[in-house]
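Here the structure comes first, spelled out in structure tokens, and everything after it is commentary.
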Amino acid sequence: MSDPYILVLYYSRQGATREMARLIARGIESTGMSARLRTVPAISADCEQTAPEIPDTGDIYATLDDLAHCSGLLLGSPTRFGNMAAPLKYFLDSTTPLWLNGALIDKPAAAFTSTGSLHGGQESTLLSMMLPLLHHGMVLVGLPYAEPALLNTRTGGTPYGASHWAGGDGQHPISPDEAALCLALGRRVARWAKMRPTT
């Protein structure tokens, strides 16, 4: 049995969601818990092609075992028409075996997203990512307004999870408030995972 870890599972197209994932991992690790960063391969509408098991660059692809054995989960995706991106949804659709055996029941989970426009569906994307987590019986963790950055932010940040406004060109840097909320979300999921009774 490996040491407990929080899985930070994300899909990123232009890098902003990946950067958020790394900040969230720092928040997790600041509590003394390990973070495991994993991504999912892109999918193609033209044809179905098997991607290599290990990508050329970046984090490795998630497996169902990564998900089954985690102590908690943070799920991240850029917004696609107010919803999570198809590659992440495709991976989640493969988790039926974990649902059947209740592998994720009572584990803490949270969501994070990045959008091109300020009102481009941040909250609806976060809520859409929560739906499969609820079906798995996970316990959702958000961001309380006790986090000062949630009241001060002029870009991303919601009580439903961390978010980032990347701009139409995807080049806006993560703001200090957005970064603070990513760190806080990682810490919160890790703390809830530590409090969860093991049976």
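The values are calculated or read from the model by the stated rules, or taken from the named source; none is laboratory data. All figures in this text were calculated on a predicted structure; none of them were measured in a lab. Positions of Cβ are generated from backbone atoms using ideal geometry, with glycine treated the same way; all protein chains shown enter the neighbour counts. Note: areas computed on protein heavy atoms with side chains; ligands, DNA, RNA excluded. Shrake-Rupley method; radii C 1.70, N 1.55, O 1.52, S 1.80 Å.
Residues that are in contact (Cβ under 8 Å) with a residue 60 or more places away in the chain number at least 1 in the following helices (runs of 4 or more DSSP H) confined to segment 82-137: 86-92, 122-135.
Going through (1) free of Cβ contacts under 8 Å to residues at least 60 places away in the same chain; (2) open to solvent by 40 Å² or more (accessible area, probe 1.4 Å); (3) over 18 Å from Val40 (Cα atoms) one by one, Arg187 falls short only on (1). Within segment 162-183, if we keep just the residues that are within 13 Å of the chain's Cα centre (by Cα), in contact (Cβ under 8 Å) with a residue 60 or more places away in the chain and under 18 Å from Ile28 (Cα atoms), the residue that is most open to solvent (accessible area, probe 1.4 Å) turns out to be Leu183. Across segment 5-23, the qualifying residues are those that are open to solvent by 70 Å² or more (accessible area, probe 1.4 Å) and either modelled with pLDDT of 95 or more or more than 18 Å from the chain's Cα centre (by Cα) (or both), and the one among them that is nearest to His69 (Cα to Cα) is Arg22. Being under 25 Å from His119 (Cα atoms), open to solvent by 80 Å² or more (accessible area, probe 1.4 Å) and at pLDDT 95 or above: is that true of Arg26 here? Judged against the criteria, Arg26 is not a match.
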